[in-house]
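Just below is one structure, and these are the notes that go with it.
The values are calculated or read from the model by the stated rules, or taken from the named source; none is laboratory data. Just so it is clear, the structure is predicted and the values come from calculations on it, not from any experiment. Neighbour counts are summed over all protein chains in view; Cβ atoms, including those assigned to glycine, are modelled from backbone coordinates with ideal geometry. Surface accessibility is based on the protein's heavy atoms, side chains included, excluding ligands, DNA and RNA. Shrake-Rupley method; radii C 1.70, N 1.55, O 1.52, S 1.80 Å.
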Amino acid sequence: MINEQREAHNSYKDDAFSLGLVLLQAANQVSPQDIYEKDGSINKRNLEKRIQEASAKYSNIPLFGQILNKLLAADEKNRWDFLTLMSSMPTRQ
């Protein structure tokens with residue numbers, strides 16, 4: 001009964017979150033371990049701080065901060081998947 005009421009989980013969005021973590025760690029050159037609480041939930045304040053640090057370092061890359069925010073959205077409903085990510089990328093001409 002409980003599982004029937006729960007919205008369907010999107011594992012592709014989990015993969016997108018993982019990509020966001022890799023980008024965050026590469027940008028900040030610091031492990032993003034502090035974004036997790038002991039119970040495994042996301043510490044939104046620390047996550048936002050890390051995203052802001054990375055966005056500031058790479059402000060010369062268009063959309064970098066926005067992409068990090070969308071890939072690392074704590075709420076899965078607001079998180080991009082790879083199709084959304086690819087459709088949001090500027091095209092080369």
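Observations on the model:
- Where helices (runs of 4 or more DSSP H) fall wholly inside segment 44-93, the ranges with 3 or more residues that are farther than 23 Å from Ser31 by Cβ are 82-88.
- Per this entry, Ile51 is not counted among residues that are open to solvent by less than 60 Å² (accessible area, probe 1.4 Å), touching a Leu at 6+ places or on another chain (Cβ under 7 Å) and modelled with pLDDT under 95.
- Among the residues of segment 24-43, those identified as of a type outside the set (Asp, Glu) and part of a helix (DSSP H, G or I) are Leu24, Gln25, Ala26, Ala27, Asn28, Pro32, Gln33, Ile35.
- Scan of segment 54-69 for residues that are in contact (Cβ under 8 Å) with a residue 40 or more places away in the chain and open to solvent by 60 Å² or more (accessible area, probe 1.4 Å), ordered by number: none
- The condition of being in contact with an Asp or Glu (Cβ under 8 Å, 6 or more places away or on another chain), within 26 Å of Pro90 (Cβ to Cβ) and of a type in the set (Ser, Thr, Tyr) holds for only one of Tyr58, Tyr12, that being Tyr12.
- Qualifying position, being modelled with pLDDT of 90 or more, open to solvent by 100 Å² or more (accessible area, probe 1.4 Å) and charged (D, E, K, R), among Asp81, Asp39: Asp39
- Selection from segment 28-53 of residues that are in contact (Cβ under 8 Å) with a residue 24 or more places away in the chain and within 13 Å of the chain's Cα centre (by Cα): Ile42, Lys44, Leu47, Arg50, Ile51
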